[in-house]
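Worksheet for the structure shown next.
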Amino acid sequence: MAGLYSSSSSSSNRMVVFNSKILLLLTVLPLSLAAFAFILQWRGEIQDPTTRWSPKDRLEFPGMALDSSIRTSSSNCADLLGQSRSLSFPYYRDWKFHYKPPNPIHQTNPKICITTSTSAGLEQILPWIFYHKVIGVSTFFLFVEGKAASPVIRVFGFTLILPQEVKVIYRTRELEAQQAKSRIWNETWLSSFFYKPCNYELFVKQSLNMEMAIVMAREANLDWILHLDTDELIHPAGTREYSLRKLLSDVSENVDMVVFPNYESSVERDDIKDPFSEVSMFKKNYDHLPKDTYFGNYKESTRGNPNYFLTYGNGKSAARIRHHLRPNGAHRWHNYMKNPKEIKLEEAAVLHYTYTKFSDLTSRRDRCGCKPTKDDVKRCFMLEFDRAAFIIASTATEEEMLSWYREHVVWTDKALNMKLLRKGILARIYAPMVIMQELREAGTFSSLIAASTQTSSSGTELLSSIKDGNTSSKAIEGSDQLTKESEIMGRKVLEVADVVVSAVPPLPPPSVDDDM
């Protein structure tokens, strides 16, 4: 019995000793590892992850900065542990990722220019210029004639007032002689518009001016070019900053042309004086509407007029300035060497302020010498409403003209307006009004317009010192370069081109008949 007790006691003692050793090992081992890690950390070989992968310019609390004296270049332990010296994600050390970025963006701040052919007065041109400067346009090429080139505006408005970013080109005999040498006259894409009066003649002038503006833009190292009339404003919707520069900076490098569908002004009064500040309702383009909504409300939207829009409906476009770029009429661009890649924006638009003033009826009549007959107006105007407006302005009394204007242009039916606003066919757009109001309150151009209307002896002296063609000399130089390029490669390009693209005229939006 004593032997059994002794054996049991010995076994129990051995178990206690074994447990004690295990407990000692579990205590000493973590302490040893902790001490080893502390020593390595103190030598500077292993960095704390919170400091290693933090930005270099991080904000540090007091005491976080490391003394450079304890940092060493030795990395024996680091090499043994396989630690990388470069900043990398710790779990994917030495992995290689074959990442292909998306289509590159051209640049963050593209330089944009607008070219226009205008005979408008300074009271319209100045707000148009400053609005587009606000949304990011850097340069303007103004091809002026008529009222825009009058002596008073020429001296005070352009020579003394407009900023350096505005280049003014007058329609002089020298300019016309230079444009007569353009390669356009020897090509077919614009030939159907040659030697016709009024709108057709303007269309050809615009194309010739756009061709010259391309050369000027390339010489100025600009990135994008648009053609707009001075009754049109770009509406860069879809950008938080309301910026055309931001809008175009997001366009992929492989895109050559961006199309802005146009919205048309829908005036609610017949006494509009300043459309940019007084008009806020616009009819949306077919491209920005569901098909069922557009055609389902087509009759109410036209209000008895020939088309959904009074005038054109195929928008305007911006082109990236590349070699061999050419105009393709006032609404599009093309390239002699390839078919340009084109995208159409889903939110941004061109706001077209057409027939916003009652005087717009007579202004069209005064610019064209056609007979007010259905057959003859077809020689002058491309769109049906322009033809009807010209006939009314040429044959009706002032009272009859005003009645016709109210019926066909002015949106006086508030119930219909509200219905179409709810359907999304009409839209309220206030951004241009706000920008114009801010510019006016800041006195940006009110004083300039006042100065341009003054006549004085100094103005007369300045006028006598200006010779025809002075302001357009830069454009003429650019056109000379264009002519030389034409002589070298013009005909060769035409020979290799598979398809000759005709100029895109102003086109009406789709009609109900087109949908059938």
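Distances between placed amide hydrogens fall under 5 Å for residue 328 paired with 333, 334, all partners being 5 or more residues away or on another chain.
Placing unit charges on each Cβ (+1 for Lys and Arg, -1 for Asp and Glu) gives region 331-378 a dipole about its Cα centre, and among 348, 337, 373 the Cα reaching farthest toward its positive end belongs to 373. Computed from backbone phi, the HN-Hα couplings of region 221-227 come to 6, 8, 9, 10, 9, 10, 10 Hz, rounded to whole numbers (Karplus: 6.51 cos²θ - 1.76 cosθ + 1.60, θ = phi - 60°; Gly and Pro given as x). Between amide H atoms placed 1.01 Å from N, distances below 5 Å from residue 269 occur with 411, all of them 5 or more places distant or on a separate chain. Residue pairs exceeding 18 angstrom between C-alpha atoms, taken from 291/414; 283/419; 133/246: 291/414. The 3J(HN,Hα) values that the Karplus relation (6.51, -1.76, 1.60; θ = phi - 60°) gives for region 301-318 are, in residue order, 6, 7, 6, x, 7, x, 9, 4, 9, 5, 10, 6, x, 9, x, 10, 9, 10 Hz. Gly and Pro appear as x.
The packing ranking, built from the mean of other Cβ atoms within 10 Å per residue, places the peptides 218-228, 290-300 in the order 218-228, 290-300, highest first. With the largest listed first and rounded to whole Å, the semi-axes of the equivalent ellipsoid of region 245-404 from the Cα gyration tensor are 32, 20, 15. Counting only residues 5 or more places away or on other chains, whose amide H sits under 5 Å from the amide H of residue 263 once H atoms are built in the peptide plane? Here the answer is 350, 351, 352, since their amide H atoms fall under 5 Å of that of residue 263.
Suppose all protein chains stay in the model; what accessible area per residue would a 1.4 Å probe give for region 113-195, in Å²?
37
Ranked by the mean number of other Cβ atoms within 10 Å per residue, highest first, peptides 364-375, 129-140 order as 129-140, 364-375.
Computed with a 1.4 Å probe over protein heavy atoms only, the accessible surface of region 247-295 comes to 33 Å² per residue. Highest mean first, the peptides 265-277, 327-339 sorted by other C-beta atoms within 10 Å per residue fall in the order 327-339, 265-277.
Surface composition of region 224-337: carbon plus sulfur atoms contribute 46% of the solvent-accessible area (1.4 Å probe, protein chains only, all chains present).
The values are calculated or read from the model by the stated rules, or taken from the named source; none is laboratory data. These figures come from a predicted structure and were not determined experimentally. Because the Cβ atoms are built from the backbone with ideal geometry, glycine has one as well, and the counts that use them run over all protein chains shown. Each accessible area value is taken on the protein alone, full model and side chains, heavy atoms only, with ligands, DNA and RNA left out. Shrake-Rupley method; radii C 1.70, N 1.55, O 1.52, S 1.80 Å.
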